[in-house]
Amino acid sequence: MENQYDIDVQVETAYVSEHSEPDEDRFVFAYTITLVNRGSVTAQLISRHWFITDADNRTEEVEGEGVVGEQPVLKPGEGFRYTSGAVIETPVGTMHGTYQMVAEDGRTFDATIPRFILSAPRTLH
């Protein structure tokens, strides 16, 4: 039996050198998320819950409504793509979390955001 509640989450990351200040422990990353509703019911993304961890194990927890100011509704087979950013104090870190979803039948469920790595390219001094 297929899962009625199935949101596929894919992530691409990029180091944003023009906004980063490595000498000041400021490393900026962009990440692009692609969500695809692989389930059989329409669902809306209501909120997000992120854990952003740097190489020194400092973790920032971020919660909020929607993503980039939107609460997209995804019908079965539909996708939504957005780009956002994160700033950490080390050249390498990780992010993971969940999106809180509400299906059209009223059921709430979480879409897991798999852990992904933020990594600045090696820089020569």
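The combined condition, being surrounded by 13 or more Cβ atoms within 10 Å (Cβ to Cβ), in contact with a strand residue (DSSP E or B) (Cβ under 8 Å, 6 or more places away or on another chain), touching a residue at least 12 places away in the same chain (Cβ under 8 Å) and in a loop (DSSP other than H, G, I, E, B), is not fulfilled by Val28. Out of curiosity, is Thr98 within 24 Å of Phe27 (Cα to Cα), in contact (Cβ under 8 Å) with a residue 40 or more places away in the chain and outside any loop (DSSP other than H, G, I, E, B)? Yes: the conditions hold for Thr98. Out of Glu89, Glu21, one residue alone is out of contact with any strand residue (DSSP E or B) (no Cβ under 8 Å at 6 or more places or on another chain) and either surrounded by 15 or more Cβ atoms within 10 Å (Cβ to Cβ) or of a type outside the set (A, V, I, L, M) (or both). It is Glu21.
Of everything in the range 70-86 that is of a type in the set (A, V, I, L, M) and farther than 27 Å from Ser119 by Cβ, the residue that is surrounded by the most Cβ atoms within 10 Å (Cβ to Cβ) is Leu74. Give the residues of the range 37-69 that are in a strand (DSSP E or B) and over 23 Å from Leu118 (Cβ atoms), sorted by residue number. Listed by number, the residues that qualify are Asn37, Ala43, Gln44, Ile46, Glu65.
Every residue, every condition in (1) surrounded by 14 or more Cβ atoms within 10 Å (Cβ to Cβ); (2) farther than 23 Å from Asp8 by Cα, yes or no:
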{"residue": "Val36", "(1), (2)": "yes, no"}
{"residue": "Leu45", "(1), (2)": "yes, no"}
{"residue": "Arg48", "(1), (2)": "yes, no"}
{"residue": "Gly97", "(1), (2)": "yes, no"}
{"residue": "Glu104", "(1), (2)": "no, no"}
{"residue": "Thr108", "(1), (2)": "no, no"}
{"residue": "Arg122", "(1), (2)": "no, yes"}
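Every read-out reported here was derived from the displayed coordinates using simple, explicitly stated rules and does not represent laboratory data. Quick caveat, the model's predicted, so the values are computed rather than measured. Here Cβ is always computed from backbone atoms with ideal geometry, including for glycine, and neighbour counts include all displayed protein chains.
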